[in-house]
Each structure stands twice: as structure tokens, then as C-alpha cells.
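Encoded as C-alpha cells, the structure appears first; notes follow it.
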Amino acid sequence: MNSNEAQQEGKAVTARCFALLPCAGVGSRAGTAQPKQYEPLAGKMLVEHTLAAFATVGRIASVHVVVTPGDGTLRKPDTTWNVIEGGGPTRASSVFNGLRFLLASQTATRDDWVLVHDAARCLITPAEIDALIDACLPDDVGGLLALPLPDTLKLSVEGRSAATIDRADKWLAQTPQMFRAGLLHDALEARAAQNFDGITDEASAIETAGLRPLLVPGSAQNFKVTYPQDFALAEAIFWQRAHRPASIEKSKT
């Protein structure tokens, strides 16, 4: 083993994993009176379901939520997460501010992994988080949960279907998205002066750095609660999970 290989192996052994949840949006499309992440859902605030999934993954060193400055909703006693008041006008700015905090406070090092996850993807499971970690730990770049596009894809022109687009190589990006803290910070910093124009998720920032993130198959249930009808669907899935027969749960372990 040469010195570079030994160094890479050392990084793989010592690097930790942190979760970072941007939680500063208002969710205007959801039609709620308050930010959608704080809406009640299956007995909790929506975001509390998201946080609970990460809290049960043993390989996550700590969970951090980026909120709007002055937002004390998640500052509760005996919580399993940390609040960063660094929310910005865009998702990318919130993630960037969260990364800056983690690195500046020496909570994380540049070689540590950060799993960025949408607060509104409240149906994520610990098993899906573990699957992403397993896939990305040995990877040089990192990656994201995603789904191959299942439906026919249309090009719209003035509200009418103008063409059918080949879906063979199209994937729907999900979260978490897992990258080294330093790599992701630098990729976002390179676009900060342009107000992160064109950066729609962490993978897009990594792509602008000339790298190709790994696509890790996710689950159709890991959708982002976006529209009013999504709340009913999420509630139904939580009910189904809570009432799933024990025999089915055993077969999954």
C-alpha cells in the first residue's frame, strides 16, 4: 500500500457522519398558516419525524437543524438535535451557512461526511440512511438517494405537450445527499457570489466542481411534503407503518 492509499484508508476509518437539515423555508405551496415543517402530522410536528429517523442511526455523530434567525420552535429541552440560526433566503445559502458553522466551530472537520436532508422529507427511514452511508463511505465523491424516473416525461410548450423525452437515463433526486464537509463547502462557496444561481441541491454544487455523485436507489415513500394533499398521504403511510404486523417487521430485519 502506497502512502496515498494509506492516507485514504485512514480518512475512511476516522471520518464521522453528521446530519444537516435546512429548515428555514416557508413552504408556500403547502397552503399552511405556518411553515410546513412545523405543521402537526401523526402526533408530532412534521420535522420531528425527520429528526427522529436520524436520531436512531448510530453512525450519525450529531444532527443539526438550520433555522431562520430568531426561530425558537425547535429549541426544546432534552432534544437530540442542535439548532443553528443560519437560515438564508435559499436552501443553498442555509446549507452553506450550516457547513460554515460546523467547520468554524470545529464540530466537523473537512474530511468528515455531512448528510444534507430536506426537513420536509419526513418519511425517510433509518434503513435508507444507512444504505446511503454504506454506499458512500468507500466512494471518492459521495452521493445521494434517487429514483429512476418511472413515468413518461413530457416537454411543455405553452401548456401543451410538445415532445416526449427519453427517460432511460433520468433519475429523481432525493435526500439525504452525502459529501465531505470541505468538498461541499468549497463547491457552494464557489457559487456564493452568484447567489448560488443554478444550485438546486448539493449534488448540483458538486457537479459544478466537475465531479459525478453516486446515485443510490431510494424509496418512493421518501417524497418531500410539498402540496396540501401530501399531508394526507404522509399521514396514511405513518399509520400503515405503525399498524404493520410484527411478522412483516421481522422479515425486514
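So the values come out like this:
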item	result
Criterion violated by Asp71 - all others in (1) touching a residue at least 12 places away in the same chain (Cβ under 8 Å); (2) under 30 Å from Asp134 (Cβ atoms) satisfied	(2)
Helices (runs of 4 or more DSSP H) wholly inside the stretch 153-253 containing at least 2 residues that are modelled with pLDDT of 95 or more	181-192, 202-208, 228-242
Selection within the stretch 81-122 - under 19 Å from Gln194 (Cβ atoms) and touching a residue at least 12 places away in the same chain (Cβ under 8 Å)	Gly88, Thr90, Arg91, Ala92, Ser93, Ser94, Val95, Phe96, Asn97, Leu99, Arg100
Every residue from the stretch 193-220 that is closer than 20 Å to Ala120 by Cβ, surrounded by fewer than 17 Cβ atoms within 10 Å (Cβ to Cβ) and over 14 Å from the mean Cα position of the chain (by Cα)	Ala220
Only one of Asp230, Asp151 that is over 29 Å from Ala61 (Cα atoms), buried (at least 16 other Cβ atoms within 10 Å of the Cβ) and in contact (Cβ under 8 Å) with a residue 12 or more places away in the chain	Asp230
Scope the stretch 233-242; condition touching a residue at least 24 places away in the same chain (Cβ under 8 Å), farther than 17 Å from Ala127 by Cα and aliphatic (A, V, I, L, M); matching residues	Ala234
Test: Glu202 is under 20 Å from Asp111 (Cα atoms), without any contact (Cβ under 8 Å) to a residue 24 or more places away in the chain and touching a helix residue (DSSP H, G or I) at 6+ places or on another chain (Cβ under 9 Å)	no
Filtered residues of the stretch 160-186 (kept if without any contact (Cβ under 8 Å) to a residue 40 or more places away in the chain, under 26 Å from Asn222 (Cα atoms) and not β-branched (Val, Ile, Thr))	Asp166, Arg167, Ala168, Asp169, Lys170, Leu172, Ala173
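The values are calculated or read from the model by the stated rules, or taken from the named source; none is laboratory data. These numbers come from a predicted model, not from an experiment. Every residue, glycine among them, receives a Cβ derived from its backbone with ideal geometry; neighbour counts consider all protein chains shown.
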